[in-house]
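Novice: Sharing a structure with you now.
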Amino acid sequence: MSIRFEDLTVGLDIPPLAKVVTPEDIRAYAEASGDDNPLHQDDEAAIAAGFPGIIAHGMFTMAHLASCLVRWVGDPSALKRLRAAFRAPVYMGETIIAGGRVKSLEPSTRTVLLDVWVTVERGGTTEWPIKRSEAEIRLA
């Protein structure tokens with residue numbers, strides 16, 4: 001997908017992007033990032049830390065959010081800034097959904113500010129692994 005600045009309005013939702021978190025995803029992310037924290041690789045270590053099992057890396061969740069934004073904008077170089085506040089862990093087998101909404105538009109610089117987030121449904125309620133976060137997109 002590719003967007004045009006002229007087609008954007010404040011309040012516009014960007015298309016959400018869903019992903020089921022798998023152990024293979026987490027292993028691949030750990031290898032690529034060099035983050036071999038046992039919370040992300042060993043059920044016993046995660047349980048000892050108070051989690052029900054292995055948790056996804058926070059940066060894995062943020063990377064999914066970045067993928068959502070790049071898919072929407074169509075040009076990876078347009079994503080200038082992404083600030084994420086991590087609020088909840090993500091567990092294996094959960095479906096994370098990244099999304100966002102246009103917060104403001106600056107025509108002189110063709111800059112789009114977005115409120116962004118990642119949600120997961122857990123036990124009948126929506127949790128927010130990433131909430132109160134922001135992205136800046138600059139369009140050509």
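Every number in this text was worked out from the coordinates using simple rules, so none of it is lab data. Note that the structure is a prediction, hence the values are computed from the model and not measured.
Novice: Based on the Cα coordinates of region 5-138, what is the per residue volume of their convex hull in Å³?
Specialist: Numbers: hull volume 14.3 nm³, N = 134.
Enclosed volume per residue, from the Cα hull, is 107 Å³.
Novice: Would you kindly derive the ³J(HN,Hα) couplings of region 29-40 from the backbone phi angles with the Karplus curve 6.51 cos²θ - 1.76 cosθ + 1.60 (θ = phi - 60°), listing them in order in whole Hz, with x for Gly and Pro?
Specialist: Values, residue by residue: 5, 4, 5, 5, 8, x, 8, 9, 3, x, 4, 9 Hz.
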